[in-house]
Amino acid sequence: MKNIKYLILLVISISCKAQQSYPLKTDYDNIPNYSYLKDLNNELSPYIGIYKTSFQGKEIILYITKEENKLVNRIDKNFYRDLLSIKYIIKNSSGNILQNTQDMTFQPNQVRYTIYSMRTRPNLGDVTFIYGGTNCSVGNGKIILKKIDSTHISWEYCPNDIILDSSKCPPETDINIYLPETKDLIFTKQ
């Protein structure tokens, strides 16, 4: 009976510990494990929305949302943070969908097809995202969005180089990069 009482007290004391919150720009190396990097200054809000552009005969639609208190697993630390998530639809000049992540549900720790913000620089007006790439990690890299005004953002996408071989990526796999590989592409908020 005593063991049960101690167990109940232990569970209550653990559950009552408050999660420590820090401003979003805080370096995660300087926070305790399982802390929360919170968007206290609304740095992410100006980017939320649906944006469209055309590039090389393709229509690109971005769906940018804010996810709060998302668990981030690093090798040396786990923490929670508010972040932006981008899902997208890319259509060819005939209106046929080439790639669509809008209705995808991502599993925890899924990398493929995900685009998540990893750093904000309010003084420069931009947000840096990490893109997990598609099949065989093709296209993984960095995306930078810069706020121009209340209805326009500038896009820069820099995919990493990747070496593919048939043991890791079967020959019939779609390895096209559909996201626009360019700098200073302007998207308009819808």
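Tabulated data for the structure shown
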{"quantity": "Förster radius 25 Å - calculated FRET efficiency between LYS70 and ASP165 (Cβ-Cβ, nearest 0.05)", "calculated": "0.15"}
{"quantity": "Highest-first arrangement of 24-32, 179-187, where packing means the average Cβ count within 10 Å", "calculated": "179-187, 24-32"}
{"quantity": "Cross-link pairs beyond the 25 Å C-alpha cut-off, checked among LYS25/LYS147; LYS52/LYS183; LYS58/LYS183; LYS70/LYS142; LYS146/LYS168", "calculated": "LYS146/LYS168"}
{"quantity": "Residue-wise HN-Hα coupling along the range 36-45, computed from phi with Karplus coefficients 6.51, -1.76, 1.60 (Hz; x: Gly, Pro)", "calculated": "10, 8, 9, 6, 5, 9, 6, 6, 8, 3"}
{"quantity": "Cα-based helix-to-principal-axis angle, 2-16 vs the chain, degrees rounded to 10", "calculated": "40"}
{"quantity": "Expected 222 nm ellipticity per residue - DSSP helices of 4 or more, -39500 (n - 2.57), all of the chain, to 500", "calculated": "-2500 deg cm²/dmol"}
{"quantity": "Spin-label pair ASP174/LYS77, simplified geometry with 7 Å Cα→Cβ offset, distance in nm", "calculated": "3.9"}
{"quantity": "Relative contact order of the chain, pairs being alpha-carbon contacts under 8 Å that are 6 or more residues apart, as %", "calculated": "15"}
{"quantity": "If the convex hull is drawn through the Cα atoms of the range 92-175, its volume per residue in Å³", "calculated": "150"}
{"quantity": "Charge dipole magnitude, Cβ of K and R +1, D and E -1 - the chain, Cα centre, debye nearest 20", "calculated": "700"}
{"quantity": "Selection from PRO122, LEU44, TYR22 lying farthest towards where the dipole of the chain points positive, charges on Cβ", "calculated": "TYR22"}
{"quantity": "Histogram of C-alpha separations across the range 20-189, 10 Å bin width, %", "calculated": "10, 36, 35, 16, 3, 0"}
{"quantity": "Coarse-grained scattering of the range 38-94 at q = 0.14, 0.25 Å⁻¹, given as base-10 log I(q)/I(0) from a Debye sum over alpha-carbon atoms", "calculated": "-0.53, -0.95"}
{"quantity": "For the range 154-187 versus the range 74-120, the gap between their alpha-carbon centres in whole angstrom", "calculated": "14"}
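Quick note: the coordinates plus some simple rules give every number you see, no bench work behind them. Small disclaimer: the values here were computed from a predicted structure and weren't measured. Backbone-built Cβ (ideal geometry, glycine too); neighbour counts: all protein chains shown.
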